[in-house]
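Here is the structure we will look at.
Nothing in this text is a laboratory measurement; each read-out follows from the coordinates by a stated rule. Values in this document were obtained by computation on a predicted structure and should not be read as measured data. Glycine also receives a Cβ, built like all others from the backbone with ideal geometry; neighbour counts cover every protein chain displayed.
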Amino acid sequence: MFPVAKNNASSGRRGAWVAILLATAALSDASGQDIGGPFNTVTGVIRLFDRNGDELADRSNVVVFIDGLSDSTGHRALPKAPQVSHRDRQFSPRVLPLVRGTTVDFFNDDNIFHNVFSLSRPKSFDLGIYPEGTSKLITFSEPGLVKIHCNIHPNMTSTILVLNNSLFTTTKADGVFQIDDVPDGEVTLRVWNEFSDEQSRTVTLSGGGRVKELFDVYETKRFVQHKNKFGKRYAEKY
Ligand SMILES: [Cu+2]
């Protein structure tokens, strides 16, 4: 990420769940030149519940992102090319948000052969079968949701969210999120989770401040076994 001049204001964690405006954060590029602003921080917490309404201790893998910006805003910084690896017959990470135009390194870090394919509309591809220690690259240019699978092992799934800008984050177990460098204006804060309906909320930002939001996310969707790369059921033995 590009450097941000941090302020020393408190996180406001003790406050109620209302928007709190704190000190201004200025943004500059590597040469110290001002490239606009002021910029705001959107922070908060995701609480995750199962389909019975019981709260889950692990709130990880929820993607929070900013939408509704003009095309060029927030698209200045491409994150480093991320890796999705095969490990213990699973894809890692299970959820990966990225900016459109990002190339992903699909690395086989397992001691068996694996495949990578997707039948999703934004990026349909098949990387073939390849052994431990080797990589194949794919670039994701079209925004949208891309489900990644292995044609050998039916329980392998990863989801890539191809987004329009770099203003996104993925929760860890504590569910806390923070997105920096959000420009002034009315933006849409969107929350995506694999087994939940997507949520969105309009947030109005001004003057370079900090807004805190709480989301309750319910995992109401059931697991559905995907088909293989030919659109057929996997063989029972593999
Ligand atoms: Cu596999």
V146 vs. criteria part of a strand (DSSP E or B) and in contact with a Pro (Cβ under 8 Å, 6 or more places away or on another chain): yes
Residues satisfying the stated conditions in region 192-201, i.e. under 25 Å from P38 (Cβ atoms) and in contact (Cβ under 8 Å) with a residue 40 or more places away in the chain: S200
Residues being away from the ligand (no atom under 16 Å from the Cβ) and either farther than 18 Å from T103 by Cβ or in contact with a Cys (Cβ under 7 Å, 6 or more places away or on another chain) (or both) - total across region 146-170: 3
Subset of region 93-127 [within 12 Å of the ligand (Cβ to nearest atom) and either within 22 Å of W192 (Cα to Cα) or part of a strand (DSSP E or B) (or both)]: F106, N108, H114, N115, V116, F117, L127
